[in-house]
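Data first, discussion second: the structure below is written as structure tokens.
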Amino acid sequence: MRVMVIIKADKDSEAGVMPGEDVLTAMGNFNEELVKAGIMLAAEGLHPSVRGKRIHLGASSPKVIDGPFAETKELIAGFWLWKVKSMEEAVDWAKRIPNPRRAEATIEIRQVGEDDDFGEAFTPELREQEARLRAEAEQNARKG
């Protein structure tokens, strides 16, 4: 199963405070463990919401809302995409996430939807389209 491990934003991440060498070293070492264990598929940090946009879709035309966004506790500072055997394994790995500064942090783990989760509505034609698009997206990612 694949899970997204979401690092919630805090006042520092929203202020654009970049981590110091100690944090980068600890995270680099942890990421290396994840890669060697065959767990990590992707990992990225995000810029503060002041540089972001939200698009509200409704009955009328889409509405664009510029950042920053008020509720820091609802924002994301970064994420990992992991391949694990179970949610329990994901939790075990998440408990090992470095926190060198002992700052308060919240980690959220969400299972990524898989093709079979959609049942019969995900027709053979839609499955083929999904597979083709995934292959094209992977090719685009390799191009940089």
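The values are calculated or read from the model by the stated rules, or taken from the named source; none is laboratory data. Just so we're clear, the structure is a prediction, and the values are computed from it rather than from any experiment. Neighbour counts are summed over all protein chains in view; Cβ atoms, including those assigned to glycine, are modelled from backbone coordinates with ideal geometry.
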Total residues in region 109-130, condition farther than 20 Å from ILE39 by Cβ and β-branched (Val, Ile, Thr)
1
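Against the condition farther than 25 Å from VAL35 by Cβ and touching a residue at least 60 places away in the same chain (Cβ under 8 Å), how does THR106 come out, does it pass? Before you say what the answer is, go through the steps one by one.
On the way: farther than 25 Å from VAL35 by Cβ: no; touching a residue at least 60 places away in the same chain (Cβ under 8 Å): yes.
No, not satisfied.
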Anything in region 59-91 that is farther than 28 Å from ALA15 by Cα and under 14 Å from the mean Cα position of the chain (by Cα)? List them, or say none.
LYS83, ALA90
All positions within region 65-103 that are under 19 Å from ASN29 (Cβ atoms) and either assigned to a loop (DSSP other than H, G, I, E, B) or not assigned by TED's automatic domain parsing to the domain that holds LEU24 (or both)
LYS95, ARG96, ILE97, PRO98, ASN99, PRO100, ARG101, ARG102, ALA103
Within region 102-133, the count of residues that are within 24 Å of GLU21 (Cβ to Cβ) and touching a helix residue (DSSP H, G or I) at 6+ places or on another chain (Cβ under 7 Å) comes to 1
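Just give me the residues in region 44-64 being assigned to a strand (DSSP E or B), hydrophobic (A, V, I, L, M, F, W, C) and surrounded by 13 or more Cβ atoms within 10 Å (Cβ to Cβ), in sequence order. Outline the logic, then answer.
Taking region 44-64 as the starting set, the residues that turn out to be assigned to a strand (DSSP E or B) are 44-45, 53-56, 63-64.
Filter once more, keeping what is hydrophobic (A, V, I, L, M, F, W, C): 55, 64.
Hits for region 44-64: nothing passes.
For ILE109, are the conditions met, namely being closer than 16 Å to LYS8 by Cα, assigned to a loop (DSSP other than H, G, I, E, B) and in the same structural domain as LEU24 (by TED's automatic domain parsing)?
On the way: closer than 16 Å to LYS8 by Cα: yes; assigned to a loop (DSSP other than H, G, I, E, B): no; in the same structural domain as LEU24 (by TED's automatic domain parsing): yes.
Here the answer is no, as ILE109 does not meet what is asked.
Residues in region 1-32 that are more than 20 Å from SER49 (Cα to Cα) and either in contact (Cβ under 8 Å) with a residue 40 or more places away in the chain or part of a helix (DSSP H, G or I) (or both): how many? Give the steps one after another, and end with the answer.
To start, the set of residues in region 1-32 that are more than 20 Å from SER49 (Cα to Cα) comprises 1-3, 20-32.
Applying the additional criterion that residues be either in contact (Cβ under 8 Å) with a residue 40 or more places away in the chain or part of a helix (DSSP H, G or I) (or both) yields 1-3, 21-32.
So the count comes out to 15.
If we keep just the residues of region 1-24 that are of a type outside the set (Lys, Arg) and modelled with pLDDT of 95 or more, which is nearest to TRP93 (Cα to Cα)? First the steps, then the outcome.
Narrowing region 1-24 to residues of a type outside the set (Lys, Arg): 1, 3-7, 9-10, 12-24.
Pick out the ones that are also modelled with pLDDT of 95 or more and you get 1, 3-6.
On the way: MET1: 14, VAL3: 12, MET4: 12, VAL5: 10, ILE6: 13 Å.
So the residue we want is VAL5.
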Answer yes if at least one residue in region 33-43 is over 20 Å from ILE6 (Cβ atoms), at pLDDT 95 or above and in a helix (DSSP H, G or I), and no otherwise.
yes
Pairs only if they're at least six apart or on different chains, beta carbon under 8 angstrom, first in region 77-93 and β-branched (Val, Ile, Thr), second surrounded by 16 or more Cβ atoms within 10 Å (Cβ to Cβ); list them, first residue then second.
VAL84/VAL3; VAL84/ILE39; VAL84/ALA90; VAL84/TRP93; VAL91/ILE109
